[in-house]
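As structure tokens, the structure follows; a few thoughts come after it.
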Amino acid sequence: MRHLFIIFSLLTLLCFNTEISAQQKKVLMQGTVIDKQDKVTIPGVTIMAGTPLVPVGITNGNGEFSVSVNEGSTLVFKYIGYLNATHKFDGKLKFNVIMSMSVNSLKETVVVGYQKKTKEVSTGSSVIITGKEIQDVPVGNIMELIQGKVPGVNIQNNNGSPGMRGSINVRGLSNTNVTGSGSQAFLTPTSPLFVIDGVPVDDNSGYSYGFDQAGPGISPLSMIPQEDIERIEVLKDAQATSLYGSRGAYGVFLITTKRGNSKVPVIQYTSNYFVNTPPRLRDVIGGREERMSRINQIMANDTSFYHGLNLVNITPFLSDSLNAYYNNSTDWQSKFYRQTFNQTHNVNISGGDQTFNYKVNTGYYDEKGIVENTGFTRYSMNMNMQYEPSNKFKLFASVNNSLANNSKGSGSGLLQNGIAKGGSASSLLPAPSLFSSTNSLLSALETNDENKTVSVTANVELQYEFFEGLRASSTFNYAYVTGTTDTFLPGYLNNGFNEVTAYNDRKNTAYNRNLLSYNKSINEKHNFSAYVFNEINMTDFRADMIKQKRTPSDQVQGPLGADYFNSLGGTLNNITDFRSVAFAGSFSYNYDTKYVLDLSYRIDGSSTNGPDAGYSKNPSIGLRWNFNKEAWLVKKDWLEYASLRLTAGRNIVPTGTIFDVYGRYIANGSYNQNPTVGLDLKLVPNTGLTPTETTQYNAGLDLGFLKGKIGLVFDTYYKQVDNQLREKNLANHNAFAKVNTNETSLVNYGYELAVNFRPLSENSKLSWTIGINGAINKDVLTALPNGARELVDPGGDTDQQIFRRLGMNSLSNYLLNNTGVYANNSNVPVDPLTGLRYRTGGNAADQTYFRAGDPIWTDVNGDYVLDNNDYVVVGNGQPRMTGGFTSYLAYKNFSLNMNFSFTFDRDIMNNALAADFQRYADPAYTGKGDFNGLVPLDRYDVWTQPGDMAVYPFPLDFTRYARYRPFRFDQTLFMEDGSYLKFNNATFAYNIDRKLTKRWGMTSVRLYVSANNIHTWSNYSGPDPELVSAMGRDNSGGYPNRRSYNFGINVQF
Amino acid sequence: MNNKYPLAPAILFFGLTMLIILGCTKNFPDVREALGEDSRFTNTQYEPILGRNSLFTDNFFVGNSSQPLNFKIINLRRRDGSAAPELTDLVPVSVWKQPYLGDEKTLEEIEAKRVVENHPVFEIREHSGQFLMWANSSPLIKTQPDSGYVFDVELSNKGGRRYFRDFKLKPIKARPYEPSNQDPLTGMETSRYVGVSGIQPMYGEKTNTIISPRELEVYFRKDTLKSGEKLKNQLTIQVLDSLYNPINPDKFKLTDWKNLLHGFNMVKTAESVTYDVAYPIPLINYQTKYTNPDGTKSRLYLSYDRIGFGGFRQVGGFYLDFSIYDPGKWNIIIRFNGETPKFSND
């Protein structure tokens, strides 16, 4: 049939031929446009011909075209992001055109300050990631895949919980505040601002970070299916982010979803099937071996043989080995961790042309966590359309809807302490059942935790051009996110009293921007553009929670009939109602795209600005010199592009709440049996509060050599973060206890480098792209409240204090300096005056003299007593160097893509290992705490007998343990180098031959297998150097990162 | 512009950028340690007893200062402002190198654990601010009731320095043994003897009544060296009756003579028991089987048993917690000034 059609058309052509041969001979040229790398067809490619070039056609949804042109004319194929392809007439009427992606990153368009321009004339520092790079590995949150791709963006996937995300820092630390202490110490997240299709989304609210907060903990980014992402643009410096001013100080990620661009509707179906496996779990000693290990420890190390014998005999789980309750070898970890099978489906329907286009993306993502009773399911439907009947008018509208369900089991998003506790229980305890198990296991398995997040975003943008050059546009968008949590803890897990928790929050964001822009070009040399806009943002957030205890029975889960006396409920204190308004202006000038000047100025006011602080003023300036266009370089063939950039500017992020500024009234008990309202005396109002302010200087160099074979981007920056909000205690003779002030400052400075290579020639069948990037960042603390030079935050349960000193890195550890293990008693230092050995301090009952096998801790003050005076400032939990490299290989229909990322020079506190050693402190389990299992110690260099030069102290001396705590957390022994190189993921893809797929009625079929989180190379002795808190502490309670293996299929109709 | 070096502007530009960035980093605050306003000495008057090692601890409040701190005694002077070489000059002192544990088998083993070094008599520990006075009873050192010495302390760390002025050092005259019958100010004996530390019921030989602790007199006597005699560190224990006749030590038959104190080469005669010892006694404040429970003094425990009235076994005896700081040939004489205990069975 098809052949018939072709023959028929050819015949027709011939007929035409004869008719108009007198004038100009027209020919019908047909073919398909194919992407060089991916071997997929490209729809919507504009075909031009003639002089001057005029559009003659466009490829259809299958990438096919058919145009009638004068014989002998040359066709030019144009498509955004691709190099123009030219086809000279060679007599053939049917041919394929291969277009390759533009590697000249200078011609990419970037969106800076809501205006599109080419990179060539933008002065700021920005990096673009195309949607293609993040398609083949199914993830709940796309940020996981950006790791190691953008220099200067430090992404640590330290939360494996499905649907949640790890930490993101652009150009180092932006806030040094730490909430909580010890094992609960968390660095305040300073994630960049995400602008999704023009809608700003703030991902820094506590709820989205997921720790110790109520609510589902789903990041707003997890609500976007990765298949719908067209590209992500990362803006790093002050000039690029200047016009996202009111929240752009931590960097801006612009996420653009797909648009329709094919006259014939294109239907793309993507499906992934993947298996998640838990990482290698901890080795444990099981059953009889554990019992014998405990007995041997007691017999060998107790104060006397008979005391030891007695201790064993009075401890049932040691002596009564035939008792069914203790005669076990339970593998607890296998009860918690599992392998899961998951799938995703996504259908993308799009079509249209420049005048009218539309897209509908429907997705389903289902991932079950590797921890029992956790998981993430997302249903999404994202739509957008654009209508541009003429050059004068343009309307863009989008609606994104997502619904996500997740379960956090018994933990919070970030921590799974219940599981960490249960998973490390003694193997002697019986396997879980209602009557015999530890509660943490059952509560992890049986707690009914249902979380739902619904997100609806609507966006409308109108543009009108009054006359050429002057354009007005208005954007209005509204986002509504609501999260609910229903948790039921059955009575049999909670001492007979069940607990119902219901939580719901809602967040409304309305955003409006009105912009007037004017472009003018004089003699095509002097190009001006200027615009002004105003911006209004309104956000309110409110969370309510009830906790009902003691419902009538485990079957009655409703709040009815609950014990009102023990039940709680109300609105949580993180309620916010935030407004901000901004006015901004921008002016750009470039001379022949050679010299570029950008100026912008912005004033911001927000409801968390103190009335005495007024509006904040944020200027920025950018310069660019494309010096390859200078006469003396323009003829050099080897140099494709070369430019220098220099920017400076200031940005803000509002911090704090309106209560910090104006104080708060609270219900204050009752007086004369009348309820009263009084001032909250915890926090004194500070009407001078200002937003956190970031001042940044950036210098960049872009170079391209040998027609895209080598591309290089180098940036160096100096970023100063001032006015950080910090709580300050007031002297206790004041009525108020605390005040929030903006007195902390820090500076980050560093270098970023990204290099791209295409080592093989353009004509090679094998195409290979290598990208390498890295960034070095150093942070320096420059101001502390009250003019203090140093501050120490308390160490909490782990005694790990946080030390800050001006001029040093912002967050240091404050630890005992461990220099080894005393090999013999004679190595212990002796006070020359008193003749006493070095000892621990404290009450007489807590003292013990050091001896062989004990850790050597430096006696900093030289008083032969180990106490609080012997801490040293050491280490830095923030990585100094991060980056990654990628390799993309394509040969015919096959392609192989590999991604690596690395983090170097970071100090991690290995609390997990310390806790493992601490398990030996109480072999007869006489004390409080958890009845933990034992881990084998043979892979560690442990002191066992006099003369051993060991790294780790003797772990079995349990009688003295509490007095000298050899495995305390606050020592340098557990501060390890957290550098790692990670093989993030690899994808092997195959495009089925188009001839074959055509027969099936499909335009293209792509099959791929991928693996994620493949391997981490590291010297770190803990399980995963990445799975540590942003403070650099390895808490064994974290949610481990899964390893996944995926099979995916991508079909286009 | 030249055509020879096309990338010259780039290099120039980056040189400038580096300069700017380095210039910025120059304005960073110095990494300076803190020296807190609240750091202070909690005690400014020190009264060590001469002739023995004294260590003054817990005398400095660190406050908001960064450790390690450096301390230095400066301007150590007499009260009249003149120099005090008797405290600043180096003198030989006995310094521990290995811990004394109480399980040493020979005198040599003990002596091997300490060496003689030269130190100023009065020192401050460099990083902790503890004061220490080495065992020295030089008569040149002014003792109370003299108003003693004055000195200042310099405190410094990498963040700066501070001075603490006018500390007073008022040494107390050496007391060679404890319990002492010597007046701390005059150095004169206020009584002829001291008492024992405790007693177990002993019955008098004549009246068969309980001997009161007041009936026991303890004398510490040091033998003066005869000419040509070498200093020998010995301790002799002798028990006398009221007529100054020695009581045979064997009569205290429950006494563990071997472990009575940390002495060696015991010579027991019908009159006395003599040990070769190392001074001071006890060597350090550390609990051993020879000391009282808190390790501050050596404990002599002499006891016996007998069958008393009605056939009951009675254990009698006494104990004496003591220390001796001055090396030499010492005698501890315990005299029953009333009745002699009854050692025979009823």
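The values are calculated or read from the model by the stated rules, or taken from the named source; none is laboratory data. Just so we're clear, the structure is a prediction, and the values are computed from it rather than from any experiment. FYI the Cβ positions are ideal-geometry reconstructions off the backbone, even for glycines, and counts take in every protein chain you see. For accessibility, only protein heavy atoms count, side chains too; no ligands or nucleic acids. Shrake-Rupley method; radii C 1.70, N 1.55, O 1.52, S 1.80 Å.
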Could you state how much accessible area is buried at the B-A interface, both sides summed, with a 1.4 Å probe, in Å² to the nearest 100?
3900 Å²
Based only on Cα atoms, what Rg/Rh ratio does the stretch A:889-934 have, Rh being taken as Kirkwood's radius?
1.47
Determine Rg/Rh for the stretch A:186-335; Rg is computed over alpha-carbon atoms and Rh is the Kirkwood hydrodynamic estimate from the same atoms.
1.31
State, to one decimal in nm, how far the label point of A:SER321 lies from the label point of A:ILE772, with both points 7 Å from Cα in the Cβ direction.
5.8 nm
Alpha-carbon centroids, the stretch B:200-247 and the stretch A:665-725: separation in whole Å:
82 Å
Using θ = phi - 60° and the Karplus relation 6.51 cos²θ - 1.76 cosθ + 1.60, list the HN-Hα couplings for the stretch A:859-868 in order, rounded to whole Hz, with x at every Gly or Pro.
8, 4, 8, x, 9, 6, 10, 8, 8, 5
Give me the distance between the Cα centres of the stretch A:935-985 and the stretch A:266-280, rounded to whole Å.
40 Å
B:GLU37 versus A:TRP632, label points 7 Å from Cα toward the beta carbon: distance in nm?
6.1 nm
Computed over the stretch B:182-223, the ratio Rg/Rh where both radii use C-alpha atoms and Rh is Kirkwood
1.13
May I ask you to rank A:HIS307, A:HIS87 by accessible area, largest first, using a 1.4 Å probe over the protein chains only?
A:HIS307, A:HIS87
Average partner chain C-beta neighbours within 10 Å, per residue of A:805-811?
3
For the stretch B:92-242, what are the per-bin percents of Cα-Cα distances with bins 10 Å wide, up to the bin holding the maximum?
8, 21, 28, 25, 13, 5, 1, 0
For the stretch A:847-871, which residues drop by 30 square angstrom or more in accessible area between the chain on its own and all protein chains together (1.4 Å probe)?
A:VAL860, A:ASN861, A:ASP863, A:ASN869
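Could you tell me which GluC sites (Glu not before Pro) in the stretch A:710-783 are loop residues by DSSP with no more than 14 other beta carbons within 10 angstrom of their beta carbon?
A:GLU762
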Quote the Stokes-Einstein diffusion coefficient, in whole µm² s⁻¹, for the stretch B:40-169, based on the Kirkwood radius over alpha carbon pairs, a temperature of 20 °C and a viscosity of 1.002 mPa s.
132 µm²/s
Restricting attention to the alpha-carbon atoms of the stretch B:209-336, what are Rg (one decimal) and Dmax (integer), both in Å?
15.5, 57
Largest first and to the nearest Å, give the Cα extent of the stretch A:288-327 along each principal axis.
31, 18, 8
Go through the stretch B:203-250 and name the chymotrypsin sites (Phe, Trp or Tyr not before Pro) that are in a DSSP coil and have 13 or fewer other Cβ atoms within 10 Å of their Cβ.
B:TYR244
With labels modelled as points extended 7 Å from the Cα through the Cβ direction, what inter-label distance (nm, one decimal) is found for B:ASN337 paired with A:MET949?
6.5 nm
Excluding ligands, DNA and RNA, the carbon-plus-sulfur percentage of the accessible area of the protein assembly as shown with a 1.4 Å probe reads 55 percent
In whole angstrom, largest first, the equivalent ellipsoid semi-axes that the Cα gyration tensor gives for the stretch B:50-90 are 26, 16, 10
Would you please state the base-10 log of I(q)/I(0) at q = 0.03, 0.08, 0.09 1/Å for the protein assembly as shown, with intensities from the Debye formula using one equal scatterer on every alpha carbon?
-0.22, -1.09, -1.27
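Partner chain Cβ atoms within 10 Å, averaged over the residues of B:94-101 - can you pull that number for me?
6
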Average accessible area per residue (Å²) across the stretch A:862-923 - probe 1.4 Å, nucleic acids and ligands excluded
32 Å²
What does the structure give for A:823-835 when I average, per residue, the other chain Cβ atoms found within 10 Å of the residue Cβ?
6
Residue-normalised accessible area of the stretch A:466-531, given per residue in Å² at a 1.4 Å probe:
48 Å²
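Give the accessible surface of chain B per residue, rounded to a whole number of Å², with probe radius 1.4 Å and ligands, DNA and RNA excluded.
51 Å²
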Need the C-alpha centroid separation for the stretch A:313-382 versus the stretch B:281-329, integer Å.
72 Å
Pick from B:ASN259, B:ASN64, B:ASN157: which residue has the top mean-square fluctuation in a GNM of chain B where Cα pairs under 10 Å get a spring?
B:ASN64
So, taking all protein chains as they sit and a 1.4 Å probe, how much accessible area belongs to A:MET975, in Å² rounded to tens?
40 Å²
If you take the alpha carbon radius of gyration of the stretch A:510-611 and divide it by 2.2 N^0.38 Å, what ratio comes out, to two decimals?
2.12
Looking at the protein assembly as shown, what % of its DSSP beta bridges pair antiparallel, to the nearest 5?
95 percent
Can you send over the solvent-accessible area of A:TRP768, 1.4 Å probe, protein chains only, in Å² to the nearest 10?
90 Å²
All-pairs Cα distance distribution in chain B, expressed in whole percent, bin size 20 Å:
23, 41, 21, 9, 4, 2, 0
